[in-house]
1. Could you do me a favour and compute the accessible area per residue for the range 79-176, 1.4 Å probe, result in Å²?
2. Anything over 19 Å Cα to Cα? Flag those among K184/K309; K5/K154; K38/K66; K212/K253; K98/K316; K38/K64, in the order listed.
3. Dipole magnitude of the range 53-198 about its Cα centre, charges +1 at Lys/Arg Cβ and -1 at Asp/Glu Cβ only, in debye to the nearest 20?
4. Can you give me the long-range amide H partners of A179? Hydrogens built in the peptide plane at 1.01 Å from N, cutoff under 5 Å, separation of 5 or more residues or another chain.
5. In square nanometres and to one decimal, what's the mean projected area of the convex hull around the Cα atoms of the range 158-299?
6. Would you be so kind as to identify which of A247, N187, W37 lies farthest towards the positive end of the dipole of the chain, taking Lys and Arg as +1 and Asp and Glu as -1 on Cβ and the Cα centre as origin?
7. Amide H to amide H, which residues 5 or more places from T121 or on other chains are under 5 Å from it, using H placed in the peptide plane?
8. Among 308-320, 221-233, 118-130, how do they line up from the highest to the lowest mean number of other beta-carbon atoms within 10 Å?
Amino acid sequence: AAYLKKEGTAATFYDAWDIGMVSDSNYMAAELLDDVWKNIPEHLSSYKDGKSSEIPIVTGFIAKDKNGIITTLGRGGSDLSATMIGAAMNADEIQTWKDVDGILTADPRVVKEAHPVSEVTYEEAQELAMFGSQVLHPRSMIPCRKSGTKVRVKNSYNIKSPGTLIVENHSGATPPVTAITSVKNVNLIDIQSSHMFGASGFLAHIFNQFLKWNISVDVIATSEVSVSLTVSGKTELDGLVEDLSRAGEVHVKKEKAIVTVICDAAHSSSLLAKAFASLAKEDINVQMISQGASKVNISFLVDSSQADKTVCVLHKAFFG
């Protein structure tokens with residue numbers, strides 16, 4: 001704010017709580033309360049109504065709880081601050097400035113031919129963030145999805161690049177494949193139990209153990225008598241595996257990777273045919289497949305050592 005004033009542009013500094021950013025009391029990973037939707041427009045009403053030309057410069061990543069104690073919003077907190085303010089103010093567009101030309105078809109460190117995607121949906125952006133893309137955190141999409149506000153991802157080091165626009169629905173035809181991303185260092189847990197065949201409580205028992213140990217699941221595939229699922233490789237599993245063993249035989253396989261294709265899953269048959277044909281030529285063995293309920297992603301499990309190669313092969317198959 002001081003710099004803008006020095007350059008002749010009117011601006012006013014606000015700490016987040018000065019404009020009504022109020023959160024719960026989970027201090028290291030606080031969630032904003034619904035009050036912010038009303039608070040922000042009220043505190044910035046003069047700017048919103050055009051009565052003041054002073055640009056509000058607001059601190060991100062922090063808030064205060066109802067007791068007035070400072071909280072931090074945790075991972076993605078700065079982007080969340082920006083999207084929350086923009087959504088609450090009914091902005092035409094929210095811009096987040098990064099060090100890449102928007103959202104790319106793949107990690108450019110893995111695929112040299114990766115190129116920016118001009119447009120993705122909120123759902124696609126969230127799935128990309130969940131499965132390895134570090135451009136935006138999934139929670140930062142929540143306010144703009146609620147308000148329908150567009151988000152543009154721009155590059156601080158290449159300001160002429162148009163970036164990627166994140167919208168509710170594609171403006172034209174939905175592309176067959178939007179991007180490919182990966183997460184390494186994943187553990188695969190296989191649970192098999194013939195004596196639980198057809199038992200209604202099989203899955204309930206399994207997920208209760210994950211709840212007990214506060215371990216989140218990334219992807220899952222099920223049959224009548226077995227469940228395969230993945231968790232972060234950093235997770236301590238001894239207690240969980242002991243509890244799961246009461247339901248059946250448990251096997252843990254380490255050093256796996258999830259490769260996710262963000263796509264129009266309505267055409268999954270043709271996409272899978274092309275993917276498997278390409279992977280087979282390179283002797284890459286897919287150990288598990290999961291099609292997300294969101295209908296915008298298909299995930300493959302491979303060895304971590306083959307993750308980058310898998311991304312490259314799939315990128316070449318879908319993007320040339």
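1. Value returned for the range 79-176: 48 Å² of accessible area per residue.
2. Pairs exceeding the cut-off: K5/K154; K212/K253; K98/K316.
3. 320
4. Sorted by chain and number, the residues that satisfy this are I262.
5. Averaged projected area of the range 158-299's Cα convex hull equals 12.1 nm².
6. The residue sitting most towards the positive pole is W37.
7. So T121 has HN proximity to V167.
8. Highest to lowest by the protection proxy: 118-130, 308-320, 221-233.
The values are calculated or read from the model by the stated rules, or taken from the named source; none is laboratory data. Because the structure is predicted, anything quoted here is derived from the model rather than measured. Because the Cβ atoms are built from the backbone with ideal geometry, glycine has one as well, and the counts that use them run over all protein chains shown. Each accessible area value is taken on the protein alone, full model and side chains, heavy atoms only, with ligands, DNA and RNA left out. Shrake-Rupley method; radii C 1.70, N 1.55, O 1.52, S 1.80 Å.
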